[in-house]
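Taking it in order: structure first as structure tokens, then the write-up.
The values are calculated or read from the model by the stated rules, or taken from the named source; none is laboratory data. Everything numeric here is computed off the predicted structure, so don't read it as measured data. In this analysis, Cβ positions are derived from the backbone assuming ideal geometry, glycine residues included, and neighbour counts consider all displayed protein chains.
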Amino acid sequence: MDFSLSPELIELRERTRRFIAEQIIPMEDDPRQSSHGPSEELRRDLVELARAAGLLTPHASREAGGLGLSHVAKAIVFEEAGYSHLGPTALNIHAPDEGNIHLMEAVATEAHKERWLLPQVAGRTRSCFAMTEPAPGAGADPSMLRTTAVRDGDDYILNGTKWFITGAEGATYAIVMARMEDGSATMFLTDMDRPGIRIARLMDAMDRCFTGGHAVLEFENVRIPASDVLGEVGKGFRYAQIRLAPARLTHCMRWLGQARRAHDVATDYASHRNAFGKTLAEHEGVGFMLADNDIDLHTARLHIWHTAWLLDQGDRGNFESSRAKVACSEAEWRVVDRCVQILGGQGVTADTVVMRIFMDMRAFRIYDGPSEVHRWSMARKIASAATKKG
């Protein structure tokens with residue numbers, strides 16, 4: 001594995017870093033934000049800045065209008081974008097759209113791409129991914145899926161409730177996972193204004209970095225043409241893995257940028273704040289936390305780059321993405337938690353960006369599978385491999 005960066009990638013990294021520092025961070029206090037994320041108006045303004053900078057939707061293929069970045073290249077650019085909580089929105093690489101774009105490029109028909117994907121890559125529209133359901137429906141265990149799809153002539157009729165659906169409010173289209181009559185799962189594409197789709201409510205969450213927030217969606221006798229099945233009938237769970245392995249990793253990339261931002265703020269504070277006759281950084285208690293931050297940041301970056309390299313080699317990366325998701329979410333969380341401690345009173349107020357990062361990041365250990373589920377999945381595979389060897 002050669003992780004040396006090409007001159008072109010170094011230039012792209014530096015260009016992204018300058019863009020975030022000079023154009024996006026100054027907009028972080030823009031009033032067009034609420035507890036449910038940046039407004040659609042603010043999102044459009046941010047997207048136009050990225051378009052002018054030549055950085056819009058860099059992960060999409062060149063044919064679709066993106067930069068066609070490899071997974072390793074995405075790791076570099078996404079970290080830089082993540083340095084601001086508005087950066088992923090500006091570059092159009094935020095969740096769930098980033099993962100949906102990847103899935104659509106891999107599975108959708110040309111007609112579907114023309115209708116839904118290309119406007120999204122251009123930053124004109126957003127999407128949502130509707131799989132998670134309230135108990136006793138699907139959560140970390142997708143096999144518990146309860147939303148149903150029943151064939152009726154040339155259509156399917158969907159019924160069910162989804163929740164924690166990120167970006168649903170204001171989304172143009174949705175990818176909906178539903179159970180078929182034979183127990184298999186299928187993904188459906190639908191415009192969000194289709195009759196029978198209703199946003200029941202927005203959920204109040206700790207994070208507030210996703211445009212559209214998190215919603216409860218209700219599907220009541222929603223009629224979807226069979227032509228709008230995404231991919232093939234019955235292959236929904238397989239397509240979910242196509243989406244989830246890279247999406248877990250891109251979460252790691254973006255949040256690494258936020259963790260690095262918190263570390264930079266805490267380091268600057270500890271280097272200038274005096275107590276007991278010397279700077280905080282000169283006290284071992286604080287200095288060791290800064291050192292541990294550096295270790296965790298570097299370890300997380302290595303996990304990301306290694307897994308990204310495997311994906312670039314054609315590996316499905318499911319085991320490795322689970323390992324990276326656990327390692328990075330917990331390492332990056334430790335970094336931000338230490339930064340709050342180093343900042344003391346300022347760490348628990350909005351006087352610095354660290355409190356905001358702390359609140360936004362806590363959910364990362366749950367998104368795209370809790371750490372416990374990934375550990376359980378890994379353990380099963382490890383035990384299975386050992387049994388086969390024995």
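Data table
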| item | result |
| --- | --- |
| Scope region 113-138; condition among the small types (Gly, Ala, Ser) and out of contact with any helix residue (DSSP H, G or I) (no Cβ under 9 Å at 6 or more places or on another chain); matching residues | Ala130 |
| Among (1) farther than 28 Å from Ala73 by Cα; (2) in contact with a strand residue (DSSP E or B) (Cβ under 7 Å, 6 or more places away or on another chain); (3) not in a loop (DSSP other than H, G, I, E, B) - the single one Tyr239 does not satisfy | (1) |
| Residue match in region 298-312 (condition: over 29 Å from Leu230 (Cα atoms) and among the hydroxyl-bearing types (Ser, Thr, Tyr)) | yes |
| The one condition in (1) surrounded by fewer than 21 Cβ atoms within 10 Å (Cβ to Cβ); (2) at pLDDT below 95; (3) of a type in the set (Gly, Ala, Ser); (4) under 20 Å from Glu79 (Cα atoms) that Ala327 fails to fulfil | (2) |
| Residue tally, condition free of Cβ contacts under 8 Å to residues at least 40 places away in the same chain, surrounded by 13 or more Cβ atoms within 10 Å (Cβ to Cβ) and assigned to a helix (DSSP H, G or I), over region 272-293 | 3 |
| Matching option when the condition is assigned by TED's automatic domain parsing to the domain that holds Met253, assigned to a helix (DSSP H, G or I), surrounded by 19 or more Cβ atoms within 10 Å (Cβ to Cβ) and at pLDDT 95 or above, among Trp333, Trp309 | Trp333 |
| Helices (runs of 4 or more DSSP H) wholly inside region 67-171 that include at least 3 residues being buried (at least 21 other Cβ atoms within 10 Å of the Cβ) | 71-81, 87-91, 97-107 |
| Any hit, region 24-33, residues being buried (at least 18 other Cβ atoms within 10 Å of the Cβ), in a loop (DSSP other than H, G, I, E, B) and within 21 Å of the chain's Cα centre (by Cα) | no |
